[in-house]
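Asker: Attaching a single structure in structure tokens format; questions to follow.
The values are calculated or read from the model by the stated rules, or taken from the named source; none is laboratory data. None of these values were measured; they are calculated from a predicted model. Note that we place each Cβ from the backbone using ideal geometry, even for glycine, and neighbour counts take in every protein chain shown. What goes into the accessible areas is simple: the full protein's heavy atoms, side chains included, and nothing from ligands, DNA or RNA. Shrake-Rupley method; radii C 1.70, N 1.55, O 1.52, S 1.80 Å.
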Amino acid sequence: MFLGGSSLDRGDEDYMREALELAARAMGRTSPNPMVGALVVGGGEVVGRGYHHRAGGPHAEVLALRDAGGRARGATLYVTLEPCCHTGRTGPCSDAVLAAGVSRVVAAMTDPNPRVAGRGLERLARAGVSVSCGVLAGEAERLNEVFIRYITCRRPFVVLKTAASLDGRIATRTGDSRWITGPAAREYTHRLRDRYDAILVGVNTVLADDPALTTRLPEGGGKNPLRIVLDSRARTPPAARILRETGNTLVAVTGDAPGERTADLKRAGAEVLAVPGGGPRVDLAAFLKELGRREVTSLLVEGGGTVSYSFLAAGLVDKVVWFVAPLLIGGTAAPPAVGGAGAGTLAGAWRLDRVSFSLLGEDYCLEGYPARGGCGCLPD
């Protein structure tokens, strides 16, 4: 990480916090780009504000400098991610910063994109701009955890989301699962769908529940993610709700999927992707690599239990969002939240760290990050 310039002070943190709040306004809308917010501060007051709205649109720094106009000369630019120094969908932000005559740049973090990786700040410093980096870095990294995983590993940031009873069941022995959690938890689930690029379930969930997998927010609107079904033998019914709802559906199969079934799914509007790799199930690592090539930066895995276990066992889960409802279902035949072979020892179990809890109605929501195993980065 490039470090330079003056030491941190309280004013820097206050301004950076506002920049982070600006960046978060575009949650779920900037993929495959990061969320970025920027402030221009001159004479002790904010004279320009901006945030990146969508990929292909102006970057936060450009919008903030435009807002500031001539007042940017000699001012300080606060930005949640270092200004880029390369041409992508837009030109280099470092050029705009220099042209505006900014005298100081304060960044929360360097850009993890290998094409930048500190070079944007270094260029500004070489041009005589005072540069500081690291103000509220932890908050900035959490805000862009999706982008960091995607740009460094070239595969989606994977969130495992589950709603279970106190005894870890996701349905009764008869398959009744609506609804384990209450309205507040279900609303939060839809806000997660609005935030991430894609949502994934196994074919058994489709057969048992016939879910829509759409985003339904109380205030209306929302973004429907790409719907994905892991379905090695193409058993998804062509009349399933996921193929009738607005939005795109991808069915991931193996090379052994019967041709007649895959043809029926294509006629019903699905994209059918035969994932390379041996074995009777879809190769998850190969599949995530393909999603990365398609610029799918984030994936919400909603189960069921076998799918959840498969992602955990492969070391491909980056974050867990776990709803716990205050009820007991019981029964050895009731499906568990995590199926498969499970851990053989407690030492081999998936422990979470950086854990937080919240209360949503009568349900608890636990969020955390797997503490062991590889990051699941995939070679080119």
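Asker: Filter segment 347-365 down to residues that are within 14 Å of A163 (Cα to Cα) and under 18 Å from the mean Cα position of the chain (by Cα), then give me how many there are.
Answerer: So the count comes out to 1.
Asker: Continuing with the same structure: With the condition kept exactly as written, say whether any residue in segment 340-349 is of a type outside the set (K, R) and under 30 Å from G259 (Cα atoms).
Answerer: Yes, segment 340-349 contains a residue that is of a type outside the set (K, R) and under 30 Å from G259 (Cα atoms).
Asker: Being on the phi > 0 side of the Ramachandran plot, in contact with a helix residue (DSSP H, G or I) (Cβ under 7 Å, 6 or more places away or on another chain) and buried (at least 19 other Cβ atoms within 10 Å of the Cβ) narrows it down to one residue among G48, G37, G28; which is it?
Answerer: Testing whether each residue is on the phi > 0 side of the Ramachandran plot, in contact with a helix residue (DSSP H, G or I) (Cβ under 7 Å, 6 or more places away or on another chain) and buried (at least 19 other Cβ atoms within 10 Å of the Cβ) leaves just G28.
Asker: Moving on. I'm trying to understand the selection: among the residues of segment 116-143, which are open to solvent by 10 Å² or more (accessible area, probe 1.4 Å) and part of a loop (DSSP other than H, G, I, E, B)?
Answerer: Hits for segment 116-143 are A117, A127, G128, V129, G134, L136.
Asker: Same structure, new question: State all residues of segment 263-288 that are open to solvent by less than 50 Å² (accessible area, probe 1.4 Å) and part of a helix (DSSP H, G or I); if no residue qualifies, say none.
Answerer: Once the filter is applied, which keeps residues that are open to solvent by less than 50 Å² (accessible area, probe 1.4 Å) and part of a helix (DSSP H, G or I), segment 263-288 yields A263, L265, L284, A285, A286, F287, L288.
Asker: Next question. Could you give every pair whose Cβ atoms fall below 8 Å, whose first residue belongs to segment 207-228 and is modelled with pLDDT under 95, and whose second residue is aliphatic (A, V, I, L, M) and assigned to a loop (DSSP other than H, G, I, E, B), counting only separations of at least 6 or pairs across chains?
Answerer: A208/A171; D210/A240
Asker: Among the residues of segment 225-248, count how many are open to solvent by 10 Å² or more (accessible area, probe 1.4 Å) and either of a type in the set (G, A, S) or under 28 Å from the mean Cα position of the chain (by Cα) (or both).
Answerer: So the count comes out to 11.
Asker: Looking at segment 329-369, which of its residues are touching a strand residue (DSSP E or B) at 6+ places or on another chain (Cβ under 6 Å) and outside any strand (DSSP E or B)?
Answerer: I329, A334, A337, W350 - these are the residues of segment 329-369 that are touching a strand residue (DSSP E or B) at 6+ places or on another chain (Cβ under 6 Å) and outside any strand (DSSP E or B).
Asker: Turning to a different aspect of this structure: Can you name the residue in segment 199-212 that is among the hydrophobic types (A, V, I, L, M, F, W, C) and under 16 Å from S308 (Cβ atoms) and, of all such residues, is nearest to the chain's Cα centre (by Cα)?
Answerer: I199
Okay, residues lined up against (1) among the hydrophobic types (A, V, I, L, M, F, W, C); (2) not in a loop (DSSP other than H, G, I, E, B):
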{"position": "L39", "(1), (2)": "yes, yes"}
{"position": "R49", "(1), (2)": "no, yes"}
{"position": "H53", "(1), (2)": "no, no"}
{"position": "L63", "(1), (2)": "yes, yes"}
{"position": "D67", "(1), (2)": "no, yes"}
{"position": "G70", "(1), (2)": "no, yes"}
{"position": "Y78", "(1), (2)": "no, yes"}
{"position": "A99", "(1), (2)": "yes, yes"}
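Asker: For segment 177-193, does any single residue satisfy the condition of being of a type in the set (D, E, K, R), open to solvent by less than 60 Å² (accessible area, probe 1.4 Å), under 30 Å from E13 (Cα atoms) and in a helix (DSSP H, G or I)?
Answerer: Within segment 177-193, none of the residues are of a type in the set (D, E, K, R), open to solvent by less than 60 Å² (accessible area, probe 1.4 Å), under 30 Å from E13 (Cα atoms) and in a helix (DSSP H, G or I).
Asker: Which condition number does G222 fail, the rest of (1) more than 22 Å from the chain's Cα centre (by Cα); (2) assigned to a loop (DSSP other than H, G, I, E, B) being met?
Answerer: All conditions are met except number (1).
Asker: Looking only at segment 147-161, which residues are in contact with a Ser or Thr (Cβ under 7 Å, 6 or more places away or on another chain) and either open to solvent by 30 Å² or more (accessible area, probe 1.4 Å) or of a type in the set (F, W, Y) (or both)?
Answerer: Result: F147, Y150, F157.
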